[in-house]
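Notes for the one structure printed next.
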Amino acid sequence: MTARAESRTVTLLADYRPYPFRLTETRLDVTLSPDATLVRAGIDMAAAPGAAGADLVLDGGKGLDLRHVALNGAPVDPTHLRRDDETLTIAGAALPVGPFTLETEVRIDPAANTSCEGLYLSGGIFCTQCEAEGFRHITFYPDRPDVMTTFRVTMRGDLPVLLSNGNPIRQEPGLAEWHDPWPKPSYLFALVAGDLVAVPGRFTTRSGREVALNVWVRPGDQDRAGFALESLVKSMEWDEQVYGREYDLDVFNIVAVDDFNMGAMENKGLNIFNSKLVLASPETATDTDYERIEAVIAHEYFHNWTGNRITCRDWFQLCLKEGLTVYRDQQFTSDLRSAAVKRIEDVQTLRARQFREDQGPLAHPPRPDRYEEINNFYTATVYEKGAEVIGMLRLLVGDEGYARALDLYFDRHDGQAATIEDWLAVFQDATGRDLTQFKRWYTDAGTPILTMQEHWQDGTLTLDFAQETPPTPGQPDKPARVITVALGLIGPDGAELAPARVLEMTEARQSFTFEGLAARPVVSALRGFSAPVILRRQMDDATRAFLLAHDSDPFARWEAGRELAMAALLRAASGAPAEDAALIEAMGRMLADEGADPALRALCLHLPGEEEVAARLASDGITPDPDAIHAAREDLARRLAQAHEVLLAGLYERMAVDGPYRPDAPDAARRSLRLAVLGLLSRIDGGARARALFDAAGNMTERMGALSILVRLGQAGAALRAMEAQFAANRLVMDKWFSVQVMAAPPADAARIARDLAALPAFDWRNPNRFRALLGGLAANHAGFHAADGSGYRFYADWLMRMDPANPQIAARMSTAYETWPRYDEGRRAQALAALKEIAAMEGLSRNSREMVARMIAAGRPQDEG
Ligand code: B3K
Ligand code: ZN
């Protein structure tokens with residue numbers, strides 16, 4: 001067993017204790033050099049009341065070459081110092097009485113740091129990533145979110161641009177000084193230095209503060225940063241208008257770097273972004289890229305209040321800032337674009353990622369109570385389910401109640417490190433509502449299954465609901481939760497029979513009656529996806545088609561169409577005779593419905609994905625066969641195309657967008673419908689339209705749409721060569737080039753294609769985006785990753801093991817591709833388990849990957865354990 005494995009510890013929420021010292025100011029003096037950066041830290045602090053005499057324990061591991069430690073200017077006697085793999089301890093006996101200053105000096109090696117955590121180099125640019133626990137790789141510090149101080153940072157180095165948090169105090173060649181007046185925890189610290197150019201802007205806050213905005217990019221990338229800057233301005237305006245939140249510094253800097261583990265990071269006043277979420281031009285970015293850039297710029301900006309001004313007491317409270325900030329960025333996108341489309345997209349993501357997580361071995365509550373490696377908990381559950389829970393809260397207390405609660409939250413907790421209890425308390429105090437039962441959404445894992453049965457008699461409709469949440473790891477029993485069920489009743493003529501309302505279910509079984517109805521209504525349940533549950537109800541195709549045609553709630557319309565398609569796919573995947581008449585007819589109406597938003601029509605045309613079908617089968621107790629699902633879906637798409645060839649061909653022509661490219665919602669909607677139509681037509685036109693579109697398209701949206709179809713048809717050779725010749729020097733486009741070839745490949749070829757691509761010199765695997773493009777492309781090819789011969793599993797495992805020593809966060813996160821392994825047949829289970837066990841047995845495996853694979857292996861049924 002390695003030293004790392006021995007030092008692995010479980011952190012428990014129940015063990016939380018306040019830090020025994022109070023810190024007031026942190027001064028950093030950083031002399032930058034690629035392989036020998038010097039970090040001098042001065043921290044003003046004092047023992048907390050009642051903690052006099054306590055040892056001073058600072059986080060910081062072996063990568064810190066400690067040169068000097070002093071207290072109030074006097075070097076500390078080495079006998080008072082103790083180091084282990086993760087901490088430095090100064091004996092309480094050596095500490096001065098009253099306030100004191102601790103000074104340390106360490107040397108670190110950013111050039112050798114491949115983990116994209118702490119201080120590292122990306123394409124020659126110095127940058128940092130400190131959340132969650134990266135600051136301890138820069139200097140010794142109480143690296144926990146409830147320890148907050150102001151920061152003064154001096155940067156030295158012969159580099160054109162030197163940036164840190166807060167306001168600039170002094171800038172001269174080779175030196176910069178920054179001061180951040182807002183106390184913050186270490187995870188929000190950042191510095192960036194190197195050859196960068198700014199795309200500048202300005203913003204005047206509503207109280208008159210002039211803010212200088214800059215989007216910093218590498219020289220040559222300026223012409224692709226304009227959209228990010230516009231998105232920032234929109235975000236700043238929106239947060240003032242909707243939440244009354246103003247920006248609080250003189251500058252706001254955004255920097256784009258090429259090597260980044262996630263999307264972006266909300267460091268105070270200095271957001272650092274993955275370049276793919278900043279850089280966009282019509283020739284290089286798709287409509288989806290533009291929409292994500294706008295949303296992530298907003299998300300990081302919104303963190304300035306929900307995350308930075310009010311932060312988390314400990315990392316168990318992560319969803320306090322992430323769930324709320326996701327909720328806010330979702331609202332922002334709905335306000336700027338189409339609320340209906342945004343809601344459907346968000347539900348799709350939630351189901352694809354969070355429901356999947358909740359139903360497998362990695363299930364955990366939005367607020368977990370234990371972890372080994374906190375970076376493994378930046379999950380769909382913490383983020384997306386965290387946001388859904390807030391949506392339910394809002395339904396319960398109403399829009400005004402929500403606004404009052406949020407005002408109280410900002411008033412009461414500004415400058416603090418808060419908890420989920422604090423959050424719920426502001427809702428209780430602002431609205432008088434008891435949220436004791438509601439809190440289970442935060443503490444209990446798993447997706448509730450809500451069953452609805454209808455009874456109709458003499459003008460009275462009774463709805464019987466039952467809720468049940470299957471067991472999740474460590475939580476066998478699940479008490480009933482509050483479930484908000486938004487409901488409408490639709491008459492036979494399509495008119496709403498009663499005002500829409502929200503039922504509040506609080507018991508395991510509960511009935512609601514509706515009296516005095518003239519005719520039996522069709523029930524539209526869970527409108528707007530009012531709770532993150534799985535709704536089970538008996539419904540025939542005719543009723544689904546009725547809802548698709550008449551429901552006034554756009555989400556419910558889409559959902560009805562989805563269910564219609566899902567029913568057809570489930571029948572086909574289980575070998576039952578095709579029975580698509582209702583689906584084909586409903587699709588025909590959708591194609592002809594010129595009054596509907598093209599984006600909604602596009603969403604309705606997309607058949608449920610193969611992974612989604614597999615999940616549905618598994619939750620019905622049927623072992624999914626990936627190859628049969630793939631074949632069934634291909635077949636259904638072809639039948640739809642044959643049935644509607646004329647309508648589709650006409651729509652394809654009509655949806656062409658004229659004029660210069662604009663990434664706005666109306667144009668993007670037309671392109672999305674056009675591409676959905678093209679996807680169907682390609683099943684019967686031999687790929688002719690896709691080839692023509694690839695050659696003619698002036699924007700990346702249509703080019704990628706066409707290319708993905710050509711890859712599926714095995715006709716992409718020339719297109720791929722053309723794209724490579726044109727964009728070899730553009731990393732972001734080449735990421736797409738790698739990804740599409742694997743993701744859209746015929747499943748039987750996916751692992752082989754991935755292997756061939758991985759052998760190319762351009763497969764710079766240490767770059768997280770490139771690695772994700774290829775490996776994530778394979779994981780997204782459902783039948784390819786889960787190939788019966790195990791080729792997908794093995795190829796994937798080999799690369800995780802290669803990545804783990806270089807970048808444990810990426811390896812651990814990507815390992816979730818295996819999380820669904822228990823649902824498949826015995827042969828696949830054995831292959832997947834063998835791959836997981838091989839990873840688990842790897843010498844020196846990181847704590848990150850160790851925790852993930854152990855949790856996934858633990859899901860094995862007894863007969864799988866060998
Ligand atoms: N707060 C960061 C995520 C940090 C992830 C650390 N492994 C980005 C965000 O959610 O805005
Ligand atoms: Zn966030």
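The values are calculated or read from the model by the stated rules, or taken from the named source; none is laboratory data. Owing to the predicted nature of the structure, the values given are computational and were not obtained by experimental measurement. Virtual Cβ from ideal backbone geometry, glycine too; neighbours counted across all protein chains shown. Just so you know, the surface numbers come from the protein's heavy atoms only, side chains and all, with ligands and any DNA or RNA stripped out. Shrake-Rupley method; radii C 1.70, N 1.55, O 1.52, S 1.80 Å.
Listed by first and then second residue, the pairs linking a residue in the range 380-391 that is more than 18 Å from MET262 (Cα to Cα) and of a type in the set (Asp, Glu) to a residue that is open to solvent by less than 10 Å² (accessible area, probe 1.4 Å) and modelled with pLDDT of 95 or more, with Cβ atoms under 6 Å apart and 6 or more places separating them unless they lie on different chains, are GLU388/PRO532. Of the residues in the range 309-317, none is of a type outside the set (Val, Ile, Thr), away from ligand 1 (no atom under 15 Å from the Cβ), more than 22 Å from GLN129 (Cα to Cα) and open to solvent by 10 Å² or more (accessible area, probe 1.4 Å). Every listed requirement among (1) charged (D, E, K, R); (2) in a strand (DSSP E or B); (3) within 23 Å of MET265 (Cβ to Cβ) is met by GLU103 save one, (3).
Among the residues making up the range 380-401, those that are open to solvent by less than 10 Å² (accessible area, probe 1.4 Å) and either out of contact with any Ser or Thr (no Cβ under 8 Å at 6 or more places or on another chain) or within 14 Å of ligand 2 (Cβ to nearest atom) (or both) are ALA380, THR381, VAL382, LYS385, GLY386, ALA387, VAL389, ILE390, LEU393.
Within the range 791-815, residues that are assigned to a loop (DSSP other than H, G, I, E, B) have Cβ atoms under 7 Å from residues that are among the hydrophobic types (A, V, I, L, M, F, W, C) in these pairs: ASN807/CYS116, counting only partners at least 6 apart in sequence or on another chain. Restricting the search to the range 279-315, which residues are more than 16 Å from ligand 2 (Cβ to nearest atom) and either touching a strand residue (DSSP E or B) at 6+ places or on another chain (Cβ under 9 Å) or assigned by TED's automatic domain parsing to the domain that holds CYS127 (or both)? Hits for the range 279-315 are LEU279, ARG313, ASP314.
State whether one or more residues within the range 290-298 are in a helix (DSSP H, G or I), away from ligand 1 (no atom under 15 Å from the Cβ) and either among the small types (Gly, Ala, Ser) or under 19 Å from the mean Cα position of the chain (by Cα) (or both). Yes, there is a match, as at least one residue in the range 290-298 is in a helix (DSSP H, G or I), away from ligand 1 (no atom under 15 Å from the Cβ) and either among the small types (Gly, Ala, Ser) or under 19 Å from the mean Cα position of the chain (by Cα) (or both). Which residue, of ALA628, ALA578, ALA572, is modelled with pLDDT under 95, farther than 20 Å from SER338 by Cβ and either among the polar types (S, T, N, Q) or in a helix (DSSP H, G or I) (or both)? None of the other options fit; the residue is ALA572. The helices (runs of 4 or more DSSP H) found wholly in the range 316-434 and carrying at least 1 residues that are at positive phi occupy 386-413. Considering (1) free of Cβ contacts under 8 Å to residues at least 40 places away in the same chain; (2) under 35 Å from the mean Cα position of the chain (by Cα); (3) open to solvent by 30 Å² or more (accessible area, probe 1.4 Å), the lone condition that ARG509 does not fulfil carries the number (1).
With respect to the conditions (1) under 30 Å from GLY860 (Cβ atoms); (2) within 16 Å of ligand 2 (Cβ to nearest atom); (3) not small (Gly, Ala, Ser), PRO448 falls short on a single one, namely (2). Determine whether PRO145 is part of a loop (DSSP other than H, G, I, E, B) and open to solvent by 30 Å² or more (accessible area, probe 1.4 Å). In short, no. For the range 187-271, the strands (runs of 3 or more DSSP E) that sit wholly inside it and include 2 or more residues that are within 23 Å of the chain's Cα centre (by Cα) are 251-257.
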